[in-house]
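Down below is the structure, laid out as structure tokens.
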Amino acid sequence: MSAMTIRQHYVSRALIARFSNSPELKNGLVGQFDVVNGRCMRAVSPRSIGFESYFIKYDGDRMEELWGTVERPMGEVFNALRDDPSDLLQAKQSHIKDFMALHFARSLEAQRIHIETLLKPRRELGPIRRCRPGLPG
């Protein structure tokens, strides 16, 4: 049995790595800049940026597997875009669209929207009454 995924990236490591000092290697480092305080921070691996611990609270490992089906082809897409983007945009358009959609779907903003959508009816309706099957309300 595998260990439960704790660090779930809302920004794909494949994308973060493109900003590293060695985009082709998984061990490249990415510089960071704190825009609020205006200071540079030490460079870290793509694994250490753009994640939340337990971002998906239920069955996070399954979600990681599903996300991987969209993310895995992107290394090849990024390399091809770097080398010769002329014909690639049409050929890999569905991969790129899925990748962009995935990033919105698992963004912090989308998470906020889902929580708000779930909580609004609960606030308006009040506590949910549980009924036993076969008995009136």
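Nothing in this text is a laboratory measurement; each read-out follows from the coordinates by a stated rule. None of these values were measured; they are calculated from a predicted model. Neighbour counts are summed over all protein chains in view; Cβ atoms, including those assigned to glycine, are modelled from backbone coordinates with ideal geometry.
Structure data summary
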read-out	value
Volume in Å³ per residue [convex hull over Cα atoms, computed for region 15-79]	105
Separation in nanometres of the label points that stand 7 Å from Cα toward Cβ, at residue 82 and residue 110	2.6
Relative packing of 74-84, 10-20, 108-118, which averages over residues the other C-beta atoms within 10 Å, highest first	10-20, 74-84, 108-118
Hydrodynamic radius by Kirkwood, which averages 1/r over all alpha carbon pairs of region 3-125, in angstrom	16.4
Cα-based reach from residue 57 at 20 Å (exclusive), listing aspartates and glutamates while leaving out same-chain residues under 8 positions away	65, 109, 116
Neighbour net charge for residue 10 - beta-carbon separation under 15 angstrom, K R +1, D E -1	+2
